[in-house]
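Input: a single structure, listed below in structure tokens.
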Amino acid sequence: MNIIEKFKATRDYTEKLCEPLEIEDYGVQIATFTSPTKWHIAHTTWFFEEFILKNFQKGYTHFDDDFNFIFNSYYNNSGKRIDRANRGYLTRPTVKRIFEYRKYVTAAIVGLLENDPNEKVLELLELGINHEEQHQELLITDLKFMFASNPLQPVYDSNFKLNNSKNEESGFASVKEGVYEVGHKGKDFCYDNELGVHKVYLNDFEISKSLVTNEEYIEFMEAGGYEDFNLWLEEGLHWKKKNNINCPLYWEKVHNVWHQFTLSGLQKVDPKAILAHISYYEASAFAEWKKMRLPTEFEWEIASEKFDWGKRWEWTNSSYLAYPNFKKSEGAVGEYNGKFMDKQKVLRGASVATSKNHSRNTYRNFFYSEERWQFTGLRLVK
């Protein structure tokens, strides 16, 4: 697949994810940490316009001069923008106009690519493709949060079954004490936060080949895991009490049986399926209850060749910090990762909602400790 085909395929898949939606679904924003679907499909378009067409297409005419203000996310170098919490107020532009915007920008990018683009254009295009793949996953998880908040619990797609993944391995894998290299190597795409290959020292440890299942987590719940303050981090206790947390996100009891909301509707919790939608606080408490711990991100990376991964984003015990020799790019692109290295935890792997080929064992995802609307799970270390 050449770069034009890859670009088109990425753009097409975003739109394919929208096919089950009704027009009323596009503009809803349930929480500040989510975004409306129409905003996702416009913002990913804005990215290509702002970073490529604006700078490299001679005589390029913006589709709409107001779109930079409403579809910029957090790039201060690109100018003023609406508050994130206000994205759901955008009844206009219409969904129709946003799809016209996508078509306009897609055609302009293809035209640019057909005229022997320079290396910088290709570099930014690869970043834009990966950026859109990130938003494809966010689009799915934001839709799930939106539909779950609807008292009618509507079905997105009855064939969209992301919660039923099961472990294919069991037992623990051993890693010997030693000095190891971590970080992205090679010339294929990675984000800047993966760069800075460096050495780390690891003690002996054993890591589970399987992720924690619903069945195991129910045991924790029935043993009073949510009530035992000895298991919880202090901030986790405050979060749990403030939000009345007593089960994973999307779980509820129906006739005394645990069910969970999925994109294919409300379903009984499958005990053997892999647990999803838990916070770092919940993952930490469960590990404490099991008298084990979460892996560090470096332990996870070194051990990842010993187990299957990619079904859940896996909480690690590592804070999101810069690697040695980390360097931010100049301008707005430099705002992509570096400025978020504060008070967040690293998650490794990928999830069942992650777009195809958008994963590697050096990928450093990051979220705040209380967040759980992504397909997050955990793997234990002893």
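General remarks:
- Any hit, segment 55-63, residues being outside the structural domain of D188 (by TED's automatic domain parsing), among the polar types (S, T, N, Q) and within 22 Å of the chain's Cα centre (by Cα): no
- A single member of A353, A332 is assigned by TED's automatic domain parsing to the domain that holds M292, of a type in the set (A, V, I, L, M) and over 11 Å from the mean Cα position of the chain (by Cα), and it is A332.
- Segment 194-206: number of residues that are closer than 30 Å to K166 by Cβ and more than 23 Å from the chain's Cα centre (by Cα): 4
- If the condition is being free of Cβ contacts under 8 Å to residues at least 60 places away in the same chain, in a strand (DSSP E or B) and within 21 Å of L378 (Cα to Cα), then segment 174-206 contributes only S174.
- Top-ranked residue in segment 344-376 [being touching a Leu at 6+ places or on another chain (Cβ under 9 Å), among the hydrophobic types (A, V, I, L, M, F, W, C) and not in a loop (DSSP other than H, G, I, E, B); ranked as farthest from T32 (Cα to Cα)]: V346
- The set of residues in segment 1-58 that are in contact with a Ser or Thr (Cβ under 7 Å, 6 or more places away or on another chain), over 20 Å from K96 (Cα atoms) and crowded, with 19+ Cβ neighbours inside 10 Å contains only E50.
For (1) over 17 Å from S208 (Cβ atoms); (2) of a type in the set (D, E), each residue gets a yes or a no:
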residue: Q267; (1), (2): yes, no
residue: A276; (1), (2): no, no
residue: Y280; (1), (2): yes, no
residue: S284; (1), (2): no, no
residue: G331; (1), (2): yes, no
residue: E335; (1), (2): yes, yes
residue: R364; (1), (2): yes, no
residue: E371; (1), (2): yes, yes
residue: T376; (1), (2): no, no
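- Residue in segment 319-327 that is more than 14 Å from G183 (Cβ to Cβ) and assigned to a loop (DSSP other than H, G, I, E, B) present: yes
- Hey, K345 surrounded by fewer than 17 Cβ atoms within 10 Å (Cβ to Cβ) and either in the same structural domain as F229 (by TED's automatic domain parsing) or touching a residue at least 12 places away in the same chain (Cβ under 8 Å) (or both) or not: no
- With respect to (1) farther than 28 Å from Y250 by Cα; (2) in contact with a Lys or Arg (Cβ under 9 Å, 6 or more places away or on another chain); (3) of a type in the set (S, T, N, Q), the lone exception for S369 is condition (1).
- Residues that are without any contact (Cβ under 8 Å) to a residue 40 or more places away in the chain and either touching a helix residue (DSSP H, G or I) at 6+ places or on another chain (Cβ under 6 Å) or not hydrophobic (A, V, I, L, M, F, W, C) (or both) were ranked within segment 207-225; the one that is surrounded by the most Cβ atoms within 10 Å (Cβ to Cβ) is E219.
- Unmet requirement for E119, which otherwise passes all of (1) in the same structural domain as F48 (by TED's automatic domain parsing); (2) under 23 Å from the mean Cα position of the chain (by Cα); (3) acidic (D, E): (2)
- Positions within segment 103-125 being of a type in the set (D, E) and exposed (fewer than 11 other Cβ atoms within 10 Å of the Cβ), in sequence order: E114, D116, E119
- Selected residue (criterion: farthest from the chain's Cα centre (by Cα)) from residues of segment 135-190 that are of a type in the set (K, R) and surrounded by 12 or more Cβ atoms within 10 Å (Cβ to Cβ): K185
- Any hit, segment 136-154, residues being of a type in the set (F, W, Y), within 15 Å of Y60 (Cα to Cα) and either in a helix (DSSP H, G or I) or assigned by TED's automatic domain parsing to the domain that holds R87 (or both): no
- For segment 253-288, filtered to residues that are free of Cβ contacts under 8 Å to residues at least 40 places away in the same chain and touching a strand residue (DSSP E or B) at 6+ places or on another chain (Cβ under 6 Å), the residue that is surrounded by the most Cβ atoms within 10 Å (Cβ to Cβ) is H259.
- The set of residues in segment 22-35 that are hydroxyl-bearing (S, T, Y) and either in a helix (DSSP H, G or I) or in contact (Cβ under 8 Å) with a residue 60 or more places away in the chain (or both) comprises Y26, T34, S35.
The values are calculated or read from the model by the stated rules, or taken from the named source; none is laboratory data. All figures in this text were calculated on a predicted structure; none of them were measured in a lab. We place every Cβ from the backbone using ideal geometry, glycine too, and count neighbours over all the protein chains shown.
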